[in-house]
1. Out of the total accessible area of the chain (probe 1.4 Å, heavy atoms of protein only), what percent is carbon and sulfur?
2. Taking Cα pairs under 8 Å and at least six residues apart, what relative contact order does the chain come out at, in percent?
3. Dipole size in debye (nearest 20) for the chain around its Cα centre, Lys and Arg Cβ +1, Asp and Glu Cβ -1?
4. Run lengths n ≥ 4 of DSSP H only: what is the helix-derived mean residue ellipticity at 222 nm for the chain, with -39500 (n - 2.57) per run over all residues, to the nearest 500?
5. How high is the relative contact order of region 240-328? Use alpha-carbon pairs under 8 Å, at least six apart in sequence, and give a whole percent.
6. Could you tell me the calculated FRET efficiency between Ser345 and Asp262, based on Cβ-Cβ distance and R0 = 56 angstrom, to the nearest 0.05?
7. Report the gain in length on full extension from Arg479 to Asp425: 0.36 nm times residue separation, minus Cα-Cα distance, nm rounded to one decimal.
8. Give the residue from Leu65, Ala142, Leu405 lying farthest towards the positive end of the charge dipole for the chain; charges sit on Cβ (+1 for Lys and Arg, -1 for Asp and Glu) and the dipole is referred to the Cα centre.
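The values are calculated or read from the model by the stated rules, or taken from the named source; none is laboratory data. This structure is a prediction, so every number in the text was calculated from the model and none was measured. Quick reminder, even Gly has a Cβ in these numbers, built from the backbone with ideal geometry, and neighbours come from all protein chains shown. Each accessible area value is taken on the protein alone, full model and side chains, heavy atoms only, with ligands, DNA and RNA left out. Shrake-Rupley method; radii C 1.70, N 1.55, O 1.52, S 1.80 Å.
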Amino acid sequence: AVAEVQLRDDQYTLDHMRAFGMYNYLHLDSWYQDNVYYVDQFGRVMNLSVTLDTALQKPREVFRLPTDLTACDNRLCASMHFSSSTWVTLSDGTGRLYLIKSGKRGNSASEKWEIVFNEELGSPFIVAHSVSFVKSDAHSLAVLLLRVEKDELDTKGSGFHVTLEWVTVAGRNEGDHGYEIIKRRVLQGKSVPHYAAIEPSGDGLMIVSHKPFAFMQSESDKVEENDDAKVSNEKKDPLYYWQQTEDDVTVTVHVPQDIMKDDIKIRFSPDNLCVTLKDQPPLMEGKLYSSVDHESCTWVIREDKSLEISLIKKNEGSRWPELILGDSRGEFIMEPSQCSEIAESLMHLTSEVMNPNPEKENPPCNAQELEECDAFLEDGASLCRFDGNALKVTHIINLGSNQYLFSVVVNPKEMPCFCLRHDVDALLWQPHSDQPENMWEHIATFNALGYVQASKQDKKFMACAPDYSYAALCECLRRVFIYRQPTPLATVLYNRKEGRQVGQVAKQLVATLEANDPILGFQATSERLFVLTTKTLFLIKVNSGN
């Protein structure tokens, strides 16, 4: 039977359910069409490949996990990802990562799984994604590990946070065949990502998630940042403070203790002000916001060693938004009476009532047109791209109401595609990390799928064929729905209502499995669907081969 791991009593949040309870136990090898793998209760990685439609081979063991899985109390399900046509990333669910050189898979003659790297990486995780690439002549693998961890500081939320650890493992020099970890970075967020994938070059990362992720700093980074913060804080003290009435402007400047009255030079002109101390460069200099009566302007040194300058406005009653044009080193201080005056002048723009004029034409949104199934909880997911070297977000896209539906590998050399709901349709997007001008390309549309899937309350997995010929979803038990793309008709068909000829029809198929066990895995290829329950693997032929 499949090595299913039930959620424990302490894994009670929606994030645990999403990450582990809804885990897809069937793994499709995108590098070799119609090859699927699962891990059984003895810790064996079993492969099932389709050679002929009629003859389905028995599952064969390609690898056995060395550890006794039942010995670990807090283990998760075993997980795997096919990094390339000859490399596999595998986790046994106890916190151990295996990198495996598999040889060419899908063919028992050349396939031989050997462990090249095997290390304990802390608390249990599942492998979310991995890529294999060559950088500076060394072969490397980057792996994304997903964990849901207890958060002692989170008193208001679920009490847990989600981490994505991005581990890069590289081959050592030619003579030494071993591999070692060269980088470990951690991102933290408050929701399980819908989609998380490393770019083929290993330089960046894309995440679609309901709540944002951010890189966690290591201690050494924090120290450096604090030094920078101190420097910038020192700069932030204003050079001068200023106040104004309808007639005049008062500027206060703090001067050093050793400055005497004779050391201060102030030059007033109708539109300019220049303040110099001793023989230093001017302390303040520039064009005033508005003209002043320069002959009536005065200055005085107060007892607390501050210099006070009074400027008389030429145009009485005008309010100055700044003192010297483009000079942001000063701070404006407003009197309480001025605050209330400004508030009063803005009163006409606000209202006590939420919608004071409901009779207006075209209300912005008509809630009546939305059906219950259209309202989904995940309002406001976002798509982010992270740079692995700068550890910063380079792109952020708010997906708003474009609900995330599923992801699919169309070309294993590229990143996985993700499917989003756009109004009633579902649109498939292919990320291109190496094309800044065209980073997300729209490659296929499934008409009305966004609308249809919303009504399937028991939906567990969703997928589509890599050639976009159909999309499919399955419920937790028995039922599988297949939605074909429109195809031309051999016979003539008329739409009676509109009296026009119909050239294409899109068919929906429903398959009911003869099984009482819940569905644990679901994968689609261009020709068939694979559906896994605890003890049975079903194959559904959708398209006949070319």
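1. Carbon with sulfur: 50 percent of the solvent-accessible area.
2. 9 percent
3. So the magnitude is around 2980 debye.
4. Computed mean residue ellipticity for the chain: -2000 deg cm²/dmol.
5. Here the relative contact order equals 32 percent.
6. After rounding to 0.05, the efficiency reads 0.80.
7. The span from Arg479 to Asp425 would gain 17.2 nm if fully extended.
8. Leu65
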